[in-house]
Amino acid sequence: MEVRRTVPVKLDLSDSDADLLHETIDEFRWAANYVVDAAFDDEYAVTSKRKLHDRTYQQVREETRLHSNLVQAARSRAAESLQSVVAKWKRGKYASRPYFSSSFLEYDKRSATFNADYATLSTVDGRITAEYVLPDEDRDTPHAEYLFGDEYETTGATLHYRNGEFYLHVRTKADVEDPEPPENGTVLGVDLGVENIAVTSTGKFWSGNELNHWHREYEKRRASMQQRGTRYAHEAMQRVGRKETGRFEQMLHRIANGIVREARENGCSVVAFEDLTDIRERMAGAKRLHAWAFRRLFDYVTYKAERFGIDTEQVNPAYTSQRCSRIGCGFTVDANRPSQDTFECQSCGYEAHADYNAAKNIGLKYLRRSHRSSGGGAVVGLRLNTGMLNASGFTSAPCESVRAGVHGEGHAL
């Protein structure tokens, strides 16, 4: 099967090359909007790329300094937006007429060349060389996996300008063998939280200490800069924000790799998360950063797991923190969770780390849902830290328990 990935890379440019890119973006954006305007005949919109090419190519070449490949790229981008809008209209949904206002530019292999640490890009005045600004760490990053990996081929890129910097979103693809899901697959439950970003039903913990620490530090720095109110302080604040995002994205990639590795090592065909809708409102102590991190982590796990034939699902999170996960009990009451870390069932006496108990409940919810489904292909069990629990309540190990405690990133109990 074909796998496609996009890797954002910051560019290091001279002032003169940056000016050329700004000019090229302005003319590219004008060209795309010109094509949109030319597409409309009264209430009818042309969406065919060939017809739009016939209508606009010569005029755009005469009115701009764009190379022919960039003219065609602008037409293609306009046509894709028009197709999306018309499709919504046909379904009776509202969609406004396309208009391009953001700073972007489309490149393919004819208008750009992509190398290990730089790219050459077409502009309105010849080509420029744009050096990549790469992360210090070269392991467990999308750059190492997709940009530098032998399996992936670069197909094109979209140039973006935001917060005073240019970024090249490089598109890659690879042909890989269709994955075969594990026979009699099992489900891996994953609980998300503030203290521990992720905890699996196999007892693997990824601490939130790094994310929370650096977020506090960046918040202090931003607050200090904001008080100054100068242009330099504003620019410095933007740099801090970009550094923060980059640091957190690398961390989330590492955690996603770890979750997928845990699923593969335990023969899991499904990784189950709680439903992320309104998660910030449901979770005590969660900030906007945490909601963003949880969604980003789910997305990373989804596309990384897909390559190995592993699905990702979300289940209703109701009572997963208060319910006893021991089969045969299921007693649910707020008092079962006397502290952030501790779960103590008031009925059967089962004790475990609260996040681990929740991860088991998330996995059990998916396990029960899959067995009620008439679609077939149900998983046969939930992976635990010492064995497997099936839908009938049988565990392959005599006992399993993860007690309350503080655990580091990727630590298994």
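Just so you know, all these numbers are worked out from the coordinates, no wet-lab data involved. Model, not experiment: these values are computed from the prediction. Heads up, the Cβs are rebuilt from the backbone with ideal geometry, glycines too, and the neighbour counts pull from every protein chain shown.
What the table shows:
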{"quantity": "Residue-wise HN-Hα coupling along the range 98-109, computed from phi with Karplus coefficients 6.51, -1.76, 1.60 (Hz; x: Gly, Pro)", "calculated": "x, 8, 9, 10, 6, 8, 8, 7, 9, 10, 10, 5"}
{"quantity": "Over the range 55-155: Rg over Rh, Cα atoms, Kirkwood Rh", "calculated": "1.07"}
{"quantity": "Segment residue 292-residue 94, extension gain: residue separation times 0.36 nm, minus the distance between their alpha carbons", "calculated": "68.5 nm"}
{"quantity": "Coordinate range along principal axes, alpha carbons of the range 2-175, Å, largest first", "calculated": "54, 37, 28"}
{"quantity": "Set of lysines with alpha-carbon distance to residue 360 below 29 Å, sequence-local pairs under 8 removed", "calculated": "204, 287, 304"}
{"quantity": "5 Å-binned pair-distance histogram of the range 12-79 (Cα, whole percent)", "calculated": "3, 18, 28, 19, 13, 9, 5, 3, 1, 0"}
{"quantity": "Neighbour cut-off at most 16 other Cβ (10 Å), DSSP loop, chymotrypsin sites (Phe, Trp or Tyr not before Pro), the range 1-101", "calculated": "94, 99"}
{"quantity": "Loop-located GluC sites (Glu not before Pro) in the range 41-77 whose Cβ has at most 16 other Cβ within 10 Å (DSSP)", "calculated": "43"}
